[in-house]
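The values are calculated or read from the model by the stated rules, or taken from the named source; none is laboratory data. The structure displayed is predicted, hence computed values, not measured ones. Please note: Cβ atoms are built from the backbone with ideal geometry, for glycine as well, and neighbour counts cover all protein chains shown.
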């Protein structure tokens, strides 16, 4: 009888504990429901009352940034557009060959077919390899396209709306593009960066149509610039660098084109940019993040004491890999052209070798 009473008390005690646990579970469930409801109400309040203000402020901030960047570029353009008469009369002094010129033909570390190093302070060629032989410039062409553009832009706020026909044609030619889409309206500033940084043929052709009305008319401007600069072994047939037997230059004259481009602050800025985000559009609500084809392959500090600050890569199967770059060593400045590489790394690493071993 005593054992029965002990077991019964134990059951009653256990039953109370279970009841307490169940109550606690119910309380926790209710608490979770109330917490969830509170969070849902807070989220709804944010969505209805706060989110529109946040979006509006974000758009205003973004528009302000874009506006500031355009304003800066507009100021740069207004300060550096050369009057027509001055452009017509301006000729470059052709660089002389230094008395201490080093021929890199026998250097097995220089694998490209054509190369040159130009000392800008002295306007002298200090090293090279087949530097006056005809070669195809590939997308280094866009340095001249850029130079002509910044000298002829009348209105930075002008824009171009891409059409499907032009973009499809570039796709069929396997041209590199910035990524603009049909019916997308793009301002001139984005076209400048889109042409140089990712080597966008779409941006190059758009610029030619806005500035000259057609690519053919724009190429005429490029060849007039060739004549004005006193280049005798350079000729252009398109704005993009797509292969054409009648589009050619030399390493020396490509260095001269780069020199002229870097003397213009706006084109120098574009050639020096590592990353850039285009204007927000319906087709690209967040813009397009552009990255320099040159800086994606180097840091620019690989050579001790030398800093590569600007440049443009190129490649076609006929031209091979090529690179024109601008660098400083202390307070002196140099341009290096490496072209006709069997690999994209040849033009990059050969330029390092030239900067490392051939600079004074």
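Quick test for you: out of 113, 154, 102, 129, pick the one residue that is surrounded by fewer than 18 Cβ atoms within 10 Å (Cβ to Cβ) and out of contact with any helix residue (DSSP H, G or I) (no Cβ under 7 Å at 6 or more places or on another chain).
154
So residue 267 fits all but one of (1) closer than 23 Å to residue 126 by Cβ; (2) surrounded by 20 or more Cβ atoms within 10 Å (Cβ to Cβ); what number is the exception?
Going through the list (1) closer than 23 Å to residue 126 by Cβ; (2) surrounded by 20 or more Cβ atoms within 10 Å (Cβ to Cβ), residue 267 breaks only (1).
In this structure, is residue 183 in contact (Cβ under 8 Å) with a residue 60 or more places away in the chain, surrounded by fewer than 21 Cβ atoms within 10 Å (Cβ to Cβ) and over 28 Å from residue 112 (Cβ atoms)?
For residue 183, the condition - in contact (Cβ under 8 Å) with a residue 60 or more places away in the chain, surrounded by fewer than 21 Cβ atoms within 10 Å (Cβ to Cβ) and over 28 Å from residue 112 (Cβ atoms) - is met.
Residue 280 versus (1) over 28 Å from residue 162 (Cβ atoms); (2) touching a helix residue (DSSP H, G or I) at 6+ places or on another chain (Cβ under 8 Å); (3) in a loop (DSSP other than H, G, I, E, B): which is the lone unmet condition?
Only one criterion in (1) over 28 Å from residue 162 (Cβ atoms); (2) touching a helix residue (DSSP H, G or I) at 6+ places or on another chain (Cβ under 8 Å); (3) in a loop (DSSP other than H, G, I, E, B) is unmet by residue 280, namely (1).
Pull up segment 109-138, narrow it to residues that are assigned to a loop (DSSP other than H, G, I, E, B) and more than 21 Å from residue 320 (Cα to Cα), then point me to the one that is farthest from the chain's Cα centre (by Cα).
Our first condition is that a residue be assigned to a loop (DSSP other than H, G, I, E, B); within segment 109-138, this holds for 109-113, 120-123, 130-134, 136-137.
Among the residues that remain, those that are also more than 21 Å from residue 320 (Cα to Cα) are: 120-123.
Values: 120: 25, 121: 28, 122: 30, 123: 28 Å.
The qualifying residue farthest from the chain's Cα centre (by Cα) is 122.
Considering only segment 332-356, state which residues are under 22 Å from residue 318 (Cβ atoms) and out of contact with any helix residue (DSSP H, G or I) (no Cβ under 8 Å at 6 or more places or on another chain).
340, 342, 343, 344, 345, 346, 347, 348, 349, 350, 351
Results for (1) in contact with a strand residue (DSSP E or B) (Cβ under 8 Å, 6 or more places away or on another chain); (2) modelled with pLDDT under 95; (3) more than 18 Å from residue 270 (Cα to Cα), shown as yes or no for each residue.
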| site | (1), (2), (3) |
| --- | --- |
| 296 | no, no, no |
| 299 | no, no, no |
| 306 | yes, no, yes |
| 310 | yes, no, no |
| 313 | yes, no, no |
| 320 | yes, no, yes |
| 326 | yes, no, no |
| 337 | yes, no, yes |
| 341 | yes, no, yes |
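Among the candidates 210, 186, which residue alone is part of a strand (DSSP E or B), over 19 Å from residue 242 (Cα atoms) and in contact with a strand residue (DSSP E or B) (Cβ under 7 Å, 6 or more places away or on another chain)?
186
In the set 253, 227, which member is surrounded by fewer than 22 Cβ atoms within 10 Å (Cβ to Cβ) and in a helix (DSSP H, G or I)?
Values: 253 fails: surrounded by fewer than 22 Cβ atoms within 10 Å (Cβ to Cβ).
Sole residue among the options that is surrounded by fewer than 22 Cβ atoms within 10 Å (Cβ to Cβ) and in a helix (DSSP H, G or I): 227.
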